[in-house]
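As structure tokens, the structure follows; a few thoughts come after it.
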Amino acid sequence: MNRSEGKKTEGGLSNPMNPNKQIVLENHVKGYLKESDFEMRNSFISFEIPHGSKAVLVINLYLACDPYMRHLLSSPNNEFASLLTPLPTGS
């Protein structure tokens, strides 16, 4: 069974937990991005959306790292820290 399949019920999918892959910032970036700056974590999440909610479920197929993100991924002590708040590691 893949991500988009599950037992259908009146309210939607009945499979409460689904596999999820997360790309997490492991170390603040110094210079060019390296694979070792990130960690891939596997977990399970629920695709259930509360009945009557106007929420939307989004499934990402690709991950891009745009040039401006270099400042978000670098150390909080970088020269752009006053313009952009760097992301904490583990996020």
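When the solvent-accessible surface of protein heavy atoms is calculated with a 1.4 angstrom probe, in what order do 37, 66 fall, highest first?
These residues rank, largest area first, as 66, 37.
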Fill in the blank from the handout: Any trypsin sites (Lys or Arg not before Pro) in the range 36-74 that lie in a DSSP loop and have at most 13 other Cβ atoms within 10 Å would be 54
Fill in the blank from the handout: Counting only protein heavy atoms and leaving out ligands, DNA and RNA, the solvent-accessible surface of residue 26 at a 1.4 Å probe, in Å² to the nearest 10, equals 80 Å²
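The values are calculated or read from the model by the stated rules, or taken from the named source; none is laboratory data. Predicted, not measured: the structure shown is a model, and the values here were computed from it. Because the Cβ atoms are built from the backbone with ideal geometry, glycine has one as well, and the counts that use them run over all protein chains shown. Note: accessible area is taken over every heavy atom of the protein model, side chains too, but ligands, DNA and RNA are not part of it. Shrake-Rupley method; radii C 1.70, N 1.55, O 1.52, S 1.80 Å.
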